[in-house]
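Asker: I am attaching a structure below and will ask some questions about it afterwards.
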Amino acid sequence: MKKSITLNASNIINIRKKLDAEIIKYWKTIRNENVMSNKEIKAGMGSGKDLKALYNTITQLGQKRIMIKGMLMYLNMGITTFDYEAFKKTNNYSIFAACEAKEAMAQLKLIPTINPTEKAKKGKANLGKKESMSSAFIASKIHEHQLEANKHDAAMEKFNNSTSIDAANTSSEFEMYLAA
């Protein structure tokens, strides 16, 4: 059974800021250390972290960030209890999850890799450098995130096309905009 915790808006904002900073720090580490020369490796440069494990940590932190954004949204709407499983069935979850997937794709595209043609010509051993995440690995992760974003974009589109609001006593304010 999960333990309950009470958070105020300030706590939630601070948690989100810490998640943001941690995610940014890890993406920078991956970008800076994905391709390293043998000389840099021998000199003990870099963090020594497993970059694929760091990527997995980022995706887990991204899920936590979706949850914390949902909590803050609920609190801002005056809802003082948060059920994550119920939240996951909402349009707002789709919005936050699509943003996480798109952010991951953008970050993955910034990671330098060794040119596959150069790697094939010279052979891995003769390159004088090492990469932790190949262009093929990164492309597969971008593809996974694209599929995730597509799923949430489709859910948002369905919501946007099938959900309406009754704006009583305000309809005349917007009639001229609906005529188009």
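Asker: Return the pairs, sorted by first residue and then second, in which the second residue is hydrophobic (A, V, I, L, M, F, W, C) and in a helix (DSSP H, G or I), the first residue lies in region 112-133 and is closer than 20 Å to Ile30 by Cα, the beta carbons are less than 7 Å apart, and the residues are 6+ apart or on different chains.
Answerer: Taking only residues 6 or more apart or on different chains, the pairs are Thr113/Ile138; Lys130/Ile41; Ser132/Leu51; Met133/Leu51.
Asker: Using the structure shown, decide if Tyr93 is modelled with pLDDT of 95 or more, touching a Gly at 6+ places or on another chain (Cβ under 7 Å) and aromatic (Phe, Trp, Tyr).
Answerer: The answer is yes for Tyr93.
Asker: Can I ask one more? If you go through region 33-54 one residue at a time, do you hit one that is hydroxyl-bearing (Ser, Thr, Tyr) and at pLDDT 95 or above?
Answerer: no
Asker: Okay, next question. For Glu118, state whether it is touching a Leu at 6+ places or on another chain (Cβ under 9 Å) and surrounded by fewer than 14 Cβ atoms within 10 Å (Cβ to Cβ).
Answerer: yes
Asker: Does any residue of region 151-170 turn out to be surrounded by 10 or more Cβ atoms within 10 Å (Cβ to Cβ), small (Gly, Ala, Ser) and either at pLDDT 95 or above or in contact with a Phe, Trp or Tyr (Cβ under 7 Å, 6 or more places away or on another chain) (or both)?
Answerer: yes
Asker: I've got another one for you. Of all residues in region 4-45, count the ones that are polar (S, T, N, Q) and under 30 Å from Gly70 (Cα atoms).
Answerer: Final tally of qualifying residues: 7.
Asker: Of the residues that sit in region 124-150 and are acidic (Asp, Glu) and at pLDDT 95 or above, which one is farthest from Lys88 (Cα to Cα)?
Answerer: Here the residue is Glu144.
Asker: What pairs come up if the first residue lies in region 71-87 and is within 14 Å of Ile5 (Cα to Cα), the second is assigned to a loop (DSSP other than H, G, I, E, B), and their beta carbons are under 6 Å apart, counting only those six or more places apart or on different chains?
Answerer: Filtered contacts from region 71-87: Met71/Phe82.
Asker: Right, something else. When only residues in region 121-150 that are assigned to a helix (DSSP H, G or I), more than 21 Å from the chain's Cα centre (by Cα) and basic (Lys, Arg) count, which is surrounded by the most Cβ atoms within 10 Å (Cβ to Cβ)?
Answerer: So the residue we want is Lys122.
Asker: Kindly indicate whether Ile68 is surrounded by 17 or more Cβ atoms within 10 Å (Cβ to Cβ), of a type in the set (Val, Ile, Thr) and at pLDDT below 95.
Answerer: Taking the combined requirement at face value, the residue does not satisfy it.
Asker: Before we move on, is Leu108 under 29 Å from Gly128 (Cα atoms), surrounded by 14 or more Cβ atoms within 10 Å (Cβ to Cβ) and touching a Lys or Arg at 6+ places or on another chain (Cβ under 6 Å)?
Answerer: Considered against the rule, which asks whether it is under 29 Å from Gly128 (Cα atoms), surrounded by 14 or more Cβ atoms within 10 Å (Cβ to Cβ) and touching a Lys or Arg at 6+ places or on another chain (Cβ under 6 Å), Leu108 comes out as yes.
Asker: For region 151-171, which residues satisfy the criterion of being acidic (Asp, Glu) and outside any helix (DSSP H, G or I)?
Answerer: The one that is acidic (Asp, Glu) and outside any helix (DSSP H, G or I): Asp166.
The values are calculated or read from the model by the stated rules, or taken from the named source; none is laboratory data. Every value quoted in this text rests on a predicted model; they were computed, and no experiment measured them. Neighbour counts are summed over all protein chains in view; Cβ atoms, including those assigned to glycine, are modelled from backbone coordinates with ideal geometry.
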